[in-house]
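Inspection log for the structure reproduced underneath, given as C-alpha cells.
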Amino acid sequence: MNAMLIPPSATPGEFVLAAIVVTAAVIDWRTSRIPNWLTAGGMLAGMLLSLLPQGVGFVHAVLGAGSALALLIPLWLLRTTGAGDVKLLVMVGAFVGVPGIFFVLLFTMLAGGIFAVALAVVRGHVLQMALNVRELLQHTALAAVHRYRPGNGGIASVGQLPYGVCICVGTSAWLAWQVLQR
C-alpha cells in the first residue's frame, strides 16, 4: 500500500513538501488561516532538506524562497493575498528552488483562477467578480505609474478564497510533473 501513496522516484523533500501543503490546505479550508508554525517549520525543513544529495541545493533554496517573496510582497501590499499565503509560497520556494518556484506560482495562479470562478458561479457573484477584476487592474496600473497604494476602497468582496488549497493544487501539479519527468 505504501508504494501506491509515494512514487518510488519522489525525494524526501518532495514527500515532506506534499505533506506540508496538504496540511496547510486542510487548515486553511477549515479556519481561513495558515499557521506560522507550519510555514516556519516548513521553511526550516526545506532549507535543511536542500542540503541532501537529492535536494535542490542551499543556494537554490534561498533563491526560490527569495524569488517567491519578491514576487508576492507587492500582492500582499495591494491586499490581494494574505500574509499566510505569501509565507506558504515562500516556504514552497525553499523546497523547489529556482526555476521550480516560477512553475509552482504559475500552476497555483491557474488553480486559483479556476477555483475563484467556480466559487463565484456557485455563489452567484460572477458580475461582482468581473467588476472587482477590473478595479484591481486599474489600481495596479495606478500603483505602477503613481506609486499609489490602494486600500480595499470600493471593492465589494465576493467571498474569501482559501488560497492554501490553490497553493496545494499548484504545488502538487509541479511535484507530479517532476516525478513524471524522471
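The values are calculated or read from the model by the stated rules, or taken from the named source; none is laboratory data. If you're wondering where the values come from, they're calculated on a predicted model, not measured in any experiment. Counting neighbours? That spans all protein chains shown, and the Cβs are built from the backbone with ideal geometry, glycine included. What goes into the accessible areas is simple: the full protein's heavy atoms, side chains included, and nothing from ligands, DNA or RNA. Shrake-Rupley method; radii C 1.70, N 1.55, O 1.52, S 1.80 Å.
The table that follows gives values for the structure above.
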item	result
Subset of the range 111-135 (residues that are within 12 Å of the chain's Cα centre (by Cα) and either at pLDDT below 95 or of a type in the set (Val, Ile, Thr) (or both))	GLY112
Long-range neighbours under 6 Å by Cβ, at least six apart or interchain, first residue on the phi > 0 side of the Ramachandran plot within the range 80-105, second at pLDDT below 95	GLY97/VAL56
Test: ILE167 is open to solvent by less than 40 Å² (accessible area, probe 1.4 Å), at pLDDT 80 or above and either part of a helix (DSSP H, G or I) or not aliphatic (A, V, I, L, M) (or both)	yes
Identity of the residue in the range 81-95, more than 7 Å from ALA61 (Cα to Cα) and among the hydrophobic types (A, V, I, L, M, F, W, C), that ends up most open to solvent (accessible area, probe 1.4 Å)	ALA83
Odd one out for THR108, checked against (1) part of a helix (DSSP H, G or I); (2) at pLDDT below 90; (3) under 20 Å from VAL22 (Cα atoms)	(2)
Matching helices (runs of 4 or more DSSP H) fully within the range 1-77 where at least 1 residues are at pLDDT 95 or above and open to solvent by 40 Å² or more (accessible area, probe 1.4 Å)	12-31, 36-49, 58-77
